[in-house]
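Structure first, then comments.
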Amino acid sequence: MVFQLKITSIENADFLRIIEIDGKSSFADLHWCIQKCCNYSSDQLASFFVASKHHGKQTEITFLDFGRPGSSILIMGKTQLHNILSSIGQRLLYVFDFFNDRSFYIELTEIYMEKNLRENQVTYQQGDAPAQVLEEELQDQGLEILNQENKYQDYGDLDDYTEIFGEMEDLIEGD
C-alpha cells in the first residue's frame, strides 16, 4: 500500500509538497523525506503529531527515544505509517521548529492499495519551504532591511563627526 501525502504551510501559501510513501515505511522515513525535499538540516528536533480536524495536537511521534517504559509517546523509527494512517483525510502535524512551534500540515489524500514503493517520492513541489529555524529567517530579513537603510548613508572616509557637523560651538552659536 502507498500513501499520498499533501504537505502545506500556513507561513507560505505557495508552499506545497506531494509525497508518495510506502505504508510500511516508518515515520523516520517520512521525516527524512521532508527534510530532504525542504533542504533542511538534520540537526534540529522534529516530531509528528496525530491531529484533530482543526489541527489540534493529539498523539506525539518523536524522533528521540527517551527510554521511558510504558510511555504513550511513539518513536518515529519504530512506528510504521500504516499503524497510524488508515483513512483519506487523516491529518498530521510535523513540527520542524520546536522553539517557535512552527509546523507543516500533512493530509493523507490517497491510498493506493495494490501499489508498493521501494523509495519515497516527492511527486510535486511548489514554492519555497519556510526557513527551518525562525531566527535564521529573521536574521536574513534584518540584514536585508539594514542593507537597504544603509545604502544611502555613505559619508565617505571620516576622521570624526566634525567633518559633517562642524564644531559644537558653531552649531550652538548658529541658533
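Computed packing ranks the peptides 18-25, 6-13 as 18-25, 6-13, most packed first, by mean other Cβ atoms within 10 Å. Each of ARG17, ARG118 has some number of other Cβ atoms within 10 Å of its Cβ, and from fewest to most they run ARG118, ARG17.
The numbers here are math on the coordinates, done by the rules we state, and not lab data. It should be emphasised that the depicted structure is a prediction, and the values quoted were computed from it without experimental measurement. Positions of Cβ are backbone-derived with ideal geometry, glycine not excepted, and every protein chain shown enters the neighbour counts.
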